[in-house]
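Let me begin by presenting the structure, written as structure tokens, before commenting on it.
The values are calculated or read from the model by the stated rules, or taken from the named source; none is laboratory data. This is a predicted model, so every value here is computed, not measured. Virtual Cβ from ideal backbone geometry, glycine too; neighbours counted across all protein chains shown. Just so you know, the surface numbers come from the protein's heavy atoms only, side chains and all, with ligands and any DNA or RNA stripped out. Shrake-Rupley method; radii C 1.70, N 1.55, O 1.52, S 1.80 Å.
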Amino acid sequence: MTFQFDNLAASLQGAITYIPVTLKLTLVTFVWSLLIGFVIAVIRNYKVPVLSKFLGAFITIYMGLPLMVVLVIYRLLFLTYYENIALFFHISKSINEINPLIVGYIALISTNTCSYSETIRGALMSVDHTQYEAGYSIGLTKTQTFFRVILPQSVPTIVPGLINNLVGTIKGTNLVSVIGIVEVMGGAIYPCSRTYSYLEGYVAAALIYWLISFVLETIARRVETASNRFRRQLV
């Protein structure tokens, strides 16, 4: 097999075209997973009766499911029960008109929420219990203690884990192609269907994913540096 740079250029062009789709999938998933994961982590950290145990069991089960399996299951469920969903929400569109991005977002957010919540919960647990008692001793409520004492101290610990989660989210977006969403991977592979030489397509996709990850990780590292300065101020 001969590596053709012309084919690589065509695959790079196709991949670049779909960078906005990958970025949208990544950023929307990151924001929602972070928000929902934060709420779950707080509930489990404070051991809210019933709810914390239910969420703990849910996360334990859900984290054992591969993302591709989750995508396929959600897609099949959506196709099977779309008529009931459309009737309930008064949706007039046919199933062929529904954007598969909806299923992609649900699968990505639900899967990533579990890992994000564990990252945040681990950071909250790293703060010594005496910090809670210190907050209560000066008259702060549980909410005030959490936001003024606990959360600021846990941020420097949260950020490195979230960077890894973000990179994992970027890499996970390529799996949405199994439900018909065309992103960087799909855009890079499409030109290969004419040449039947797929090596260049996968190399092009790898380069684009690496570039996106590098840019986002660089930004995240700057945030991590700023949070470390904040930790020194607290100390």
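The helices (runs of 4 or more DSSP H) found wholly in region 116-235 and carrying at least 3 residues that are within 30 Å of VAL69 (Cα to Cα) occupy 151-172, 184-189, 192-195, 199-234. Filtering THR157, THR195, THR111, THR130 for residues that are touching a residue at least 60 places away in the same chain (Cβ under 8 Å) and open to solvent by 50 Å² or more (accessible area, probe 1.4 Å) leaves a single hit, THR195.
Name the residue that is farthest from TYR105 (Cα to Cα), counting only residues in region 167-180 that are open to solvent by 20 Å² or more (accessible area, probe 1.4 Å) and touching a residue at least 12 places away in the same chain (Cβ under 8 Å). Explain how you work it out, then say what you get.
Pass one, region 167-180, residues open to solvent by 20 Å² or more (accessible area, probe 1.4 Å): 167-168, 171, 174-175, 177-178, 180.
Now drop any that are not touching a residue at least 12 places away in the same chain (Cβ under 8 Å), which leaves 167-168, 171, 174-175, 178, 180.
Values: VAL167: 17, GLY168: 15, LYS171: 14, ASN174: 13, LEU175: 12, VAL178: 13, GLY180: 13 Å.
My answer is VAL167.
Go through region 198-213 and report how many residues are within 30 Å of CYS114 (Cα to Cα) and either in contact with a Pro (Cβ under 6 Å, 6 or more places away or on another chain) or open to solvent by less than 40 Å² (accessible area, probe 1.4 Å) (or both).
Our first condition is that a residue be within 30 Å of CYS114 (Cα to Cα); within region 198-213, this holds for 202, 205-213.
With either in contact with a Pro (Cβ under 6 Å, 6 or more places away or on another chain) or open to solvent by less than 40 Å² (accessible area, probe 1.4 Å) (or both) added as a condition, the list becomes 205, 208-209, 212-213.
Of the residues in that region, 5 qualify.
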